[in-house]
Amino acid sequence: YARRQLAGMPNGDSLVKVYDALVNASAAFIPSFTVPAGVNITPDALGVILSAYACDYPEHFWFDKLSIPYNPATLQVTAIGLKYIDSLATQTAVDDFNDACVELLEDIGITPLTIPYMSQEEMALFIHGAIIDHVDYVDAQNAHNAYGAIIDGLAVCEGYCELYQHLLSMVGIEA
């Protein structure tokens, strides 16, 4: 959703190119990437891109922050460094997360076979109820991301929200 918003902004093509590079690098746990040739991005524009990425990819729970070397004379970003939460930036953590999400949906009767017969409102309510039943409101190590909510069963508002958004996305509901 946020990617589409970037595309409609001034300099949208450049914003989307950097957004896509950020998504691809983070998905592969790549520590840095060079801004694509011909793309002009300022640190402020990169902040907008990062916000869009965070909104669209709550399932990238391993992402922590960026380092942004830029040319002070032109204010142009030339490369982007990505920092990850080391304990979560593993394929095992991703697999565990994905399996737990599927299991939670199956436990409440939402499967690829039942989705066509349920309204979006029904699915959203069932998912909301399952999260409330599964997650305790506790500020713990991973409480600010979807991983902590689904795997540890502990989260604060941010973790609840990110898990809810991801589960909605899994069943085809844009949130």
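The values are calculated or read from the model by the stated rules, or taken from the named source; none is laboratory data. From a predicted model like this one, the values you see are computed outputs, not experimental measurements. Every residue, glycine as well, gets a Cβ built from its backbone with ideal geometry; the counts of neighbours run over all protein chains shown. When the accessible area is computed, the model is the full protein with side chains, heavy atoms only, and any ligands, DNA or RNA have been set aside. Shrake-Rupley method; radii C 1.70, N 1.55, O 1.52, S 1.80 Å.
List of remarks:
- Scanning region 114-129 for residues that are within 17 Å of Glu174 (Cβ to Cβ) and of a type in the set (Ser, Thr, Tyr) gives a single hit, Ser119.
- When region 25-43 is limited to residues that are open to solvent by 60 Å² or more (accessible area, probe 1.4 Å) and under 18 Å from Ala7 (Cβ atoms), the one that is nearest to the chain's Cα centre (by Cα) turns out to be Asn40.
- Applying the set (1) in a helix (DSSP H, G or I); (2) within 12 Å of Ile68 (Cα to Cα) to Asn24 leaves exactly one unmet item: (2).
- Where a residue in region 72-92 is closer than 13 Å to Leu22 by Cβ and in contact (Cβ under 8 Å) with a residue 12 or more places away in the chain and its partner, wherever it lies, is aliphatic (A, V, I, L, M) and open to solvent by 50 Å² or more (accessible area, probe 1.4 Å), with Cβ under 8 Å and at least six apart: Val77/Ile68; Ile80/Ile68; Gly81/Ile68; Leu82/Ile30
- Answer residue from region 54-81, given it is open to solvent by 70 Å² or more (accessible area, probe 1.4 Å) and not in a loop (DSSP other than H, G, I, E, B) and is farthest from Asp133 (Cα to Cα) among those: Tyr70
- Restricting attention to region 35-65, the residues being free of Cβ contacts under 8 Å to residues at least 24 places away in the same chain and among the hydrophobic types (A, V, I, L, M, F, W, C) number 2.
- Any hit, region 4-11, residues being under 14 Å from the mean Cα position of the chain (by Cα), under 20 Å from Glu174 (Cβ atoms) and assigned to a loop (DSSP other than H, G, I, E, B): no
- Lys17 meets each of the listed conditions (1) in a loop (DSSP other than H, G, I, E, B); (2) surrounded by 14 or more Cβ atoms within 10 Å (Cβ to Cβ) apart from (1).
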